[in-house]
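Asks: Shown below is the structure under consideration.
Derivation of every value follows stated rules applied to the coordinates shown; laboratory data play no part. Predicted model, so just to flag it, every value in this text is computed and none were measured. Backbone-built Cβ (ideal geometry, glycine too); neighbour counts: all protein chains shown.
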Amino acid sequence: MDTAITSQFKDLGLILVLALSACGSGIGAGIAGMACIGAWKKNFGQNKSASFLLVALVGAPLTQTIYGNIVMTKMFELASKGHYMWGIGAFSGLAIGISAIYQGKCAACACDAMGETGKGFGNYLAVLGITETVALFVMVFTLIILGKFAGV
């Protein structure tokens, strides 16, 4: 492929890992946020107190954006040496983003359950942590493979 064409896309892997991670975070937080508002509405309608702890559940998917940024920073070091790695950026960003979406869905269920019962916050956080682990694994394994590319 012509060097001029490839240089136009040199940042593609970098932006894909961050953008896909951030999109997943936004979608996941949005899903959880809608459930949180619904739980609060239900509580207010029943003249019950509405737990502010639900906000912690809503914010859980946001950390995946940080993971995408960490991977992007490592990829930047390699891109400055001519290694563009579009596929690594696309697929690791996609995996991290999907983890955030499903974490948001789990958080939505947790908001509904907590809004209904007022109980189980620690249990719900444990489920969100397990879902988060997928994104952490992807980040760590991607950093390992990027480290091997750096050594080449």
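Asks: Once you put a point 7 Å from the Cα of D112 and another 7 Å from the Cα of M34, both along the Cβ direction, what distance in nm separates them?
Replies: Going by the 7 Å Cα→Cβ label model, 1.2 nm.
Asks: Is there a pair in K42/K105; K74/K119; K105/K148 whose C-alpha atoms are over 30 Å apart, and which pairs would that be?
Replies: Among K42/K105; K74/K119; K105/K148, the Cα-Cα distance tops 30 Å for K74/K119; K105/K148.
Asks: Moving on. Hey, what's the Cα Rg ratio for the chain versus the globular rule of thumb, 2.2 N^0.38 Å?
Replies: Output field value: 1.27.
Asks: Give the peptides 36-43, 125-132 in descending order of average Cβ contacts within 10 Å, highest first.
Replies: 36-43, 125-132
Asks: Next up: Can you give the extra length, in nm with one decimal, that the chain gains between S49 and V140 once fully stretched, where that is 0.36 nm per residue apart less the Cα-Cα distance?
Replies: 28.7 nm
Asks: Please list, in order, the residues from segment 94-126 whose amide nitrogen is less than 14 Å from a point placed 7 Å along the Cα→Cβ vector of T133.
Replies: 125-126
Asks: With an 8 Å Cα cut-off and a minimum separation of 6 or more residues, compute the relative contact order for segment 83-152 in percent.
Replies: About 44 percent, as a whole number.
Asks: Just report the Cα centroid separation between segment 120-152 and segment 1-76, whole Å.
Replies: One Cα centre to the other: 15 Å.
Asks: Which angle between 0 and 90 degrees, to the nearest 10, do you get for helix 63-79 versus the longest principal axis of the chain when only C-alpha atoms count?
Replies: The angle comes out near 0 degrees.
Asks: Would you mind ranking T63, T133 by Cβ crowding within 10 Å, fewest neighbours first?
Replies: T133, T63
Asks: Using alpha-carbon pairs under 8 Å, 6+ residues apart, how would you state the relative contact order of the chain in percent?
Replies: 36 percent
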